[in-house]
Amino acid sequence: MTTATYEFNTQTSAKALDANVPQKAGRTLWAPAFAMSLMGFAGGMILAIVKATAIADGDAVLATSLDNYGIAAMFFGFMMVFTGISFAIARILGEFRVGGGQTQEAAGSEVKTLKMPATAKAFIGLMAMAMMILMGAVIGHVVVGIQINAETLSLVNAEQWDIWLETARRLAVQLYLFAITLGLATIIYVIRYQSIRIREIAEET
Amino acid sequence: MTATLDRIVRPEVNYSVETGHRKIGLGIGLVALMIAMVVAGLGIYAASLVGSAGDEETLGQVLAVAFGFNTTALVLLKTAIAVILVGILVRIWIRVESVKTSLDVLKPHVEVADFKTGDVETEFGAATVSAKAPARLPIHKMANTMWGPMLVMGVVSVFAGLFVSWIWAGNVGTSTGLDAAAWTQGLQFLGEGFVLASISFLLASILSGLREGGGEVQEALGLPVKTLKMPNTAKAFVVLMMMGLMIEIVQFGLYIYITTFNDVARYALWSSWLGPFRELGLGLLLAGIILALATIAKALEFQFSRIRDIVVTGN
């Protein structure tokens, strides 16, 4: 006797369901996010080398300004890499949803598809929050860099901004990682459901 | 060691039970988030000290402690991810048993058609057809063996760095403090690199599980075994992972090297690019992880298509 799938929150249909909107976005956008992350990392590293040259030349204003641009580029890369990971996880969840439905349909059974679990909803919410914080920090670094270069911001104020923005960046990265943990935890839930469901269909046959 | 790690991911449990990895992983993640909140508080406090005369040493101490705790929170979050990935591996092997048992009932009982072994093209890319399940690839053997040691080495390095960060905090503005700062950064980012490498190896183990499991199901049913060949995303994943890990090892060596400098200006110059350099290493490891996940999605797409073929045609 199998464990019935009634302990899971599902929706029933005659045909397999298509991927939902976040899963479709994941399928389309993981590759651009991957490419943009590499561009961000390369840009950040190049700016760091230029900054080191400015330090060697004793130009503190230029070095501090470049430091902010470099951090902005590097963390744009991190924002894109975490977004790419989140999209790739969404794509995997989409494969389970569509593939699981089509398998049930092929077996001539009614198609039971999991409704979006709470972990998946939290995954999307936290990822969006992390992305907004990190985007804000990246823009903040560019603005600070411009102000330092224009000499409208003192180096003391620049240091203060640097610490605030670093705090925001750290928090955003941690939220991203927790969002990814939630996304992966959803995969465990989905595979458990599918392992039970396929046995249930075999028993019904 | 491979056998021990294989037992961890292939436990003999009932297919319907919850294995606990999800709860443990999310629990570790929540602890890390709490540490992250402390780090955020320290950051706000540190910013309030900037420009206050006489608070320079306190500012340095707060920043040193915040750095140590931040990296610790990050490694805990990555450990949580590693625990969840182990849970996915366990689930994949439970799924293999479920699919094997169910397909035997669901597939039409027809004669297995003659088939040619060798390479074939599918809509998902190049694949091979064989009579037996394919053997584990060398990269998969390595992944199945290395994820555990990498995880342990990573966590140990980061916690060692956390202890050194307290020496840094207690010696701000001295040469001992500078040395401790370099050791903290080098050790903690080496640890971060190891943990991300462990996650990469776990993802490769998931790919290995999908490949072996898929072969095992088809062979058990007496069907031609169709296996997807390694996609380009998987090859690029291995390259990025190796590059990222190499950078983390090199940055560690370079941070130790700068502790030999007697000239503070030279130390500051090297530190100015070593920070982005170590972040580049982590970035490449993370970029590799995107490709590994994309490869998993592709392997699943191929597997579901094969399962449907078996259910519909019996072949």
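Percent relative contact order of the stretch A:1-128, based on C-alpha pairs within less than 8 angstrom and at least six residues apart?
Normalised by residue count, the contact order of the stretch A:1-128 is 43 percent.
What residues in the stretch B:104-125 lose 10 Å² or more of accessible surface when the other protein chains are added to their chain alone (1.4 Å probe)?
B:VAL105, B:LEU106
Across the residues of B:61-70, average count of Cβ atoms on other protein chains within 10 Å?
2
If you take each beta carbon of peptide A:169-180 and count the beta carbons of other chains within 10 angstrom, what is the mean?
Numbers: counts 2, 12, 8, 0, 5, 13, 3, 1, 11, 10, 1, 9.
Partner Cβ neighbours, averaged per residue: 6.
For the pairing of chain A with chain B, what total accessible surface becomes buried, with a 1.4 angstrom probe, in square angstrom to the nearest 100?
Counting both chains, the buried surface is close to 6200 Å².
Compute the relative contact order of chain B as a whole-number percentage, counting only Cα pairs closer than 8 Å that sit 6 or more residues apart in sequence.
22
When the convex hull of the C-alpha atoms of the stretch A:100-147 is computed, what volume per residue in Å³ does it have? Walk me through the numbers before you get to the answer.
On the way: hull volume 3.5 nm³, N = 48.
Normalising the Cα hull of the stretch A:100-147 by residue number yields 72 Å³.
Okay, helix-only estimate at 222 nm for chain A: each DSSP H run of n ≥ 4 adds -39500 (n - 2.57), divide by all residues, round to 500 deg cm²/dmol; what do you get?
Working: 4 runs with 165 residues, N = 205.
So the helix-based figure for chain A works out to -30000 deg cm²/dmol.
May I ask you to rank B:THR128, B:THR313 by accessible area, largest first, using a 1.4 Å probe over the protein chains only?
B:THR313, B:THR128
Within chain A, which is the longest segment that contains none of the trypsin sites (Lys or Arg not before Pro) sitting in a DSSP loop with at most 15 other Cβ atoms within 10 Å? Write out the running numbers ahead of the final one.
Details: sites that count: A:LYS15, A:LYS115.
After excluding every exposed loop site, the longest remaining stretch is A:16-114.
R0 = 56 Å: FRET efficiency of A:ASP59 with A:GLU204, Cβ-based, nearest 0.05? If you can, show how the numbers build up before the last one.
Values: r = 75 Å, r/R0 = 1.34.
The calculated FRET efficiency here is 0.15.
Largest first, what is the accessible-area ranking of A:TYR189, A:TYR6, B:TYR257 with a 1.4 Å probe?
Descending accessible area places them as A:TYR6, B:TYR257, A:TYR189.
Just flag the trypsin sites (Lys or Arg not before Pro) in the stretch B:110-140 sitting in loop per DSSP whose Cβ has no more than 13 other Cβ atoms within 10 Å.
B:LYS116, B:LYS132
Using a 1.4 Å probe and ignoring any ligands, DNA or RNA, find the accessible area of B:MET230 and quote it in Å² to the nearest 10.
Estimated to the nearest 10 Å², B:MET230 gives 70 Å².
Helix by helix, which DSSP H runs in chain B go 30 Å or more along their axis at the Cα atoms and have an average Kyte-Doolittle hydropathy of 0.5 or more?
Within chain B the helices that satisfy the rule are B:21-49, B:56-106, B:138-170, B:175-220, B:232-258, B:264-313.
What's the carbon and sulfur percent of chain A's accessible surface, probe 1.4 angstrom, rounded to a whole number?
Carbon and sulfur: 66 percent of the exposed surface of chain A.
Rounded to the nearest whole Å², what accessible area per residue is found for the stretch A:15-170 with the 1.4 Å probe?
That works out to 41 Å² for each residue.
Checking the table B:LYS107/B:LYS226; A:LYS51/B:LYS78; A:LYS24/B:LYS141; B:LYS107/B:LYS235 against a 27 Å threshold on Cα-Cα, which pairs fail?
A:LYS51/B:LYS78; A:LYS24/B:LYS141; B:LYS107/B:LYS235
Would you work out the relative contact order for the stretch B:185-315, in percent, from Cα pairs under 8 angstrom that are 6 or more residues apart? Don't skip to the end; give the middle numbers.
Numbers: 114 pairs, mean separation 53.1, N = 131.
About 41 percent, as a whole number.
In Å², and per residue, what accessible area does chain B have when probed at 1.4 Å with the other protein chains present?
With the other protein chains kept in place, chain B gives 40 Å² per residue.
Work out the mean other chain Cβ neighbour count within 10 Å for the residues of B:269-281 and drop it here as an integer.
Numbers: counts 6, 2, 2, 12, 10, 2, 6, 14, 4, 0, 10, 7, 1.
Neighbouring Cβ atoms belonging to other protein chains average 6 per residue here.
I'd like the accessible area for B:TRP93, computed on protein heavy atoms only with a 1.4 Å probe and all protein chains in place. Round to 10 Å², please.
20
Using a 7 Å offset from the Cα along the Cα-to-Cβ direction at both B:SER130 and A:VAL143, what is the distance between the two label points in nm, to one decimal?
Distance between the two pseudo-spin positions: 5.9 nm.
Counting other Cβ atoms within 10 Å, keep those with at most 14, restrict to DSSP loop, and tell me which GluC sites (Glu not before Pro) in the stretch A:125-179 are left.
Here the GluC sites (Glu not before Pro) that fit, given the DSSP loop and packing criteria, are A:GLU151.
Counting only GluC sites (Glu not before Pro) that sit in a DSSP loop (anything but H, G, I, E, B) with at most 13 other Cβ atoms within 10 Å, what is the longest stretch of chain B containing none of them?
B:124-315
What's the Kirkwood radius of chain B in Å, using all Cα pairs? If you can, show how the numbers build up before the last one.
On the way: mean 1/r = 0.0454 Å⁻¹.
Roughly 22.0 Å, rounded to one decimal.
The values are calculated or read from the model by the stated rules, or taken from the named source; none is laboratory data. Predicted model only: the values in this text are computed from it and were never measured. Ideal geometry is used to build each Cβ from the backbone, glycine not excepted, and the neighbour counts take in all protein chains shown. Accessible surface areas use protein heavy atoms only, side chains included; no ligands, DNA or RNA. Shrake-Rupley method; radii C 1.70, N 1.55, O 1.52, S 1.80 Å.
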